[in-house]
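Novice: Okay, here's the structure, questions in a sec.
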Amino acid sequence: MNPLIAPSVLASDFGNLQAEVEMLNKSQAAWLHIDIMDGRFVPNISFGFPVLEAIQRHAQKPLDVHLMIEQPEHYIEQFRKAGAENITVHYEACNHLHRTVQQIKQTGAKAGVALNPHTSVQLLEDIIADVDQVIIMSVNPGFGGQKFIENTYRRIEQLKELILSRGSQALIEIDGGVNQQNAAKLLASGADVLVAGNFVFTASDPLQTIADLKNVSSH
């Protein structure tokens, strides 16, 4: 299966945001990955609703919104109105995860849960049948350009096993340090969606880089 590629807009040139989004429209990317950071859940601040709405005005592909924020339940409806088609919240940020997942689904968006590198995949056992995707963080969240954590492959395999054992349809999305060197192994481990930021946007030919990632074989 060819992976879905979700370039992370956080790594794009914000001075030319419209041009960057139009480039992604022409690419083989499936989704546009949007990282929302609040400076509290993660030690960094990215952008909020006005930038998301600006991206949505030009995007022709679904917006995959990853909320790295505390109390995400307060903002779900607003993110949906701003154009989010997938909304992923962090396991570590939600006291009432099941309720928040249901809240996302009630807006008509697809619901995802993200796990930090130290959070056990098994903690999703009771929610996995209710979610559309799981983001496994392959770096510590908050900053782009970090080194990939090798333990990620084992975590993908564990998650795949859990998904199959529970009859879940959830996609496995990998976020952090994804590149041409590790993409095949990520897919072989069971990943479905690859988020790539710096690897795409610092490339001399981003369109070709996305195409290459899309056509990586897992065999």
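The numbers here are math on the coordinates, done by the rules we state, and not lab data. Keep in mind it's a predicted model, so treat the numbers as computed, not measured. Note: ideal-geometry Cβ built from the backbone for every residue, glycine included; neighbour counts use all protein chains shown.
Novice: Contour minus end-to-end for PHE143 and HIS74, with contour as 0.36 nm per residue of separation and end-to-end as the Cα-Cα distance? Please list the in-between numbers first.
Specialist: On the way: separation 69, 0.36 × 69 = 24.84 nm, distance 2.37 nm.
Once the chain is fully extended between PHE143 and HIS74, it gains 22.5 nm.
Novice: What is the list of residues in the stretch 121-153 whose amide nitrogen lies under 18 Å from a point 7 angstrom out from the Cα of ARG99, following Cα to Cβ?
Specialist: Under cut-off, by backbone N: 127.
Novice: Hey, another quick one. Excluding ALA30 itself, calculate the net charge of residues whose Cβ lies under 13 Å from the Cβ of ALA30, where each Lys or Arg counts +1 and each Asp or Glu counts -1. Could you put the intermediate results ahead of the total?
Specialist: Details: positive: LYS61, LYS110, LYS214; negative: ASP64, GLU85, GLU173, ASP192.
Here the charged neighbours net out to -1.
Novice: A further question on this structure: Rg and Dmax of the stretch 102-144, Cα atoms, in Å?
Specialist: Computed over the Cα atoms of the stretch 102-144, radius of gyration and Dmax are 11.8, 31 Å.
Novice: Related question: For the stretch 127-178 and the stretch 1-69, compute the distance between their C-alpha centroids and round to whole Å.
Specialist: Cα centroid of the stretch 127-178 versus Cα centroid of the stretch 1-69: 19 Å apart.
Novice: Kindly list the residues of the stretch 1-15 that lie in the label zone of SER217, defined by a backbone N under 16 Å from the point 7 Å along the Cα-to-C-beta vector.
Specialist: 1-3
Novice: Continuing with this model, one more query. Taking amide H positions as placed in the peptide plane 1.01 Å from N, state which residues far from ILE135 in sequence (5 or more) or on other chains have amide H under 5 Å from it.
Specialist: Placed amide hydrogens put VAL113, ALA114, LEU115, GLU173 under 5 Å from ILE135.
Novice: In percent, what relative contact order does the chain have, based on Cα pairs under 8 Å that are 6 or more apart in sequence?
Specialist: Values: 448 pairs, mean separation 48.5, N = 219.
Once divided by the residue count of the chain, the mean separation gives 22 percent.
Novice: At 7 Å along Cα-to-Cβ for each site, give me the label-to-label distance between GLU125 and ARG40 in nm.
Specialist: 3.2 nm
Novice: Ordered by residue, what ³J(HN,Hα) values in Hz, to whole numbers, does the stretch 30-43 give under the Karplus form 6.51 cos²θ - 1.76 cosθ + 1.60, where θ = phi - 60° and Gly and Pro are x?
Specialist: 8, 10, 9, 8, 10, 8, 9, 10, 10, x, 10, 5, 10, x
Novice: Can I ask one more? Near LYS185, which lysines are there with a Cα under 26 Å away, not counting those fewer than 8 places off in the same chain?
Specialist: LYS147, LYS160, LYS214
Novice: Pull out the extension gain between ASP205 and ASN16, defined as 0.36 nm times the separation in residues minus the alpha carbon to alpha carbon distance; nm, one decimal.
Specialist: Details: separation 189, 0.36 × 189 = 68.04 nm, distance 1.62 nm.
Taking ASP205 through ASN16 to full extension adds about 66.4 nm, to one decimal.
Novice: List, largest first, the extents of the alpha carbons of the stretch 4-62 along their principal axes, each in whole Å.
Specialist: 35, 23, 17
Novice: Need one number: the % of Cα-Cα pairs in the stretch 35-159 sitting beyond the 20 Å mark.
Specialist: 43 percent
Novice: For LYS105, which lysines qualify as cross-link partners when the Cα separation must be under 17 Å and same-chain residues fewer than eight apart are set aside?
Specialist: Straight-distance partners of LYS105: LYS81.
Novice: Another question about this same structure. Rounded to two decimals, what is the ratio between the C-alpha radius of gyration of the chain and 2.2 N^0.38 Å?
Specialist: On the way: Rg = 15.9 Å, N = 219, 2.2 N^0.38 = 17.1 Å.
Against the empirical 2.2 N^0.38 Å value, I get 0.93 for the chain.
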